[in-house]
Every structure is written in C-alpha cells, then in structure tokens.
C-alpha cells in the first residue's frame, strides 16, 4: 500500500469525525441564532463554540482510549471522563449567565441551553446523530409551547390586575 493510499484511507476515516464536528457546529449555530433573535445573553458564537468544542473533546476522548489502551496491558481508561468535565465547565459558564435583579432572576433558560448545547456536542462526538437531532427537534417544539404558555399566562395576569384595579385597558 502506497503512502498516498494510507493518507487517503486516513482522511476518509477522519471525514466522518469532521462531519460530526460540522453537524454539531451547524446545530450550535441554529440554537444560537434562535437565542440571538430573542436578544438573549449567549448567541450564535457561544453556542457554536460550545457544541463544536464538546464534540471535539468527546471525539478525542473516545479515540484516545482506542489509541492508548493497547499500549499498556492493565491500563483502565474511561472515554466519558472528559465528557463529565465538559458538563462541569458548562455549569460554570451557565452560572455566569444567570443574574438576579431584585426579585427577578434572568438567564436561567440561557444557562440551561448552554448545558443542552454541550449535550448536543457530546452526543454528536460519540456518533449519536439521530438521537441528538430528534432531541433538538423535541426540545424546540416544547420551547415554543413554553413560550406560548408564558405569554398566555402573562396576558391573563395583566387582565386580572386591570380588573382588580378598576382601570380599563388602553384604547388604541
């Protein structure tokens, strides 16, 4: 087998790994686009970085076990140990997004979305395309339903306040 053949086979194997990163980055971009559109603290760049980095770290972790476990007979390696550290780091980032202003707490959804984006990256890095894509779709459906329910509840509360204060709604 020539050097060129070996190089080509290596690149074809890497192509699937690069595809994982590309799909993960695309999903992070789309999640970030949604958050940017809603004027939230973390946007396109943040989510793209989180999903891509999580995917890369997971790929490196899994493939490092394959490469290095055969070197020593009694070496125990856990490929998901780095994934656990991703979650820890994202918890730190998420905590920085949450703010309290008087009685109001903001940024909880953005913090949760950062953790979610990390999960997306870890899932793609481990090669679980279909389950990750389905999870993204299911989550976005419920986010939309949650937004609708929140707006409906706010309108109901405003109407109750107006009724109890005796004022009529503003005329347009």
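Please name all residue pairs, on different chains or six or more residues apart, with Cβ atoms under 8 Å, provided the first residue is in segment 66-82 and is farther than 18 Å from residue 55 by Cβ and the second residue is part of a loop (DSSP other than H, G, I, E, B) and at pLDDT below 70. Listed pairs, sorted by first residue: 68/75; 69/75. For the subset of segment 87-109 comprising residues that are outside any helix (DSSP H, G or I) and at negative phi, which member is surrounded by the fewest Cβ atoms within 10 Å (Cβ to Cβ)? In this case the residue turns out to be 103. Scanning for something out of contact with any helix residue (DSSP H, G or I) (no Cβ under 7 Å at 6 or more places or on another chain), assigned to a helix (DSSP H, G or I) and surrounded by 16 or more Cβ atoms within 10 Å (Cβ to Cβ), does segment 117-130 turn up at least one residue? Yes. Is one or more of the residues making up segment 68-79 in contact with a helix residue (DSSP H, G or I) (Cβ under 6 Å, 6 or more places away or on another chain) and at pLDDT below 90? There is at least one residue in segment 68-79 that is in contact with a helix residue (DSSP H, G or I) (Cβ under 6 Å, 6 or more places away or on another chain) and at pLDDT below 90. Considering only segment 3-27, state which residues are more than 16 Å from residue 126 (Cα to Cα) and either within 23 Å of the chain's Cα centre (by Cα) or modelled with pLDDT under 65 (or both). Matches in segment 3-27: 3, 4, 5, 6, 7, 8, 9, 11, 12, 26. As for segment 148-169, it holds no residue that is surrounded by 12 or more Cβ atoms within 10 Å (Cβ to Cβ), modelled with pLDDT of 90 or more and within 19 Å of residue 40 (Cα to Cα).
Only a single criterion out of (1) surrounded by fewer than 21 Cβ atoms within 10 Å (Cβ to Cβ); (2) in contact with a helix residue (DSSP H, G or I) (Cβ under 8 Å, 6 or more places away or on another chain); (3) within 27 Å of residue 15 (Cα to Cα) is not satisfied by residue 51, namely (1).
Screening 84, 112 for residues that are at pLDDT below 90, part of a helix (DSSP H, G or I) and under 28 Å from residue 138 (Cβ atoms) leaves exactly one candidate, 84.
The values are calculated or read from the model by the stated rules, or taken from the named source; none is laboratory data. The shown structure was predicted, so the numbers you read here are calculated from the model rather than taken from an experiment. Using ideal geometry, Cβ is built from the backbone for each residue, glycine included, and neighbour counts are taken over all protein chains shown.
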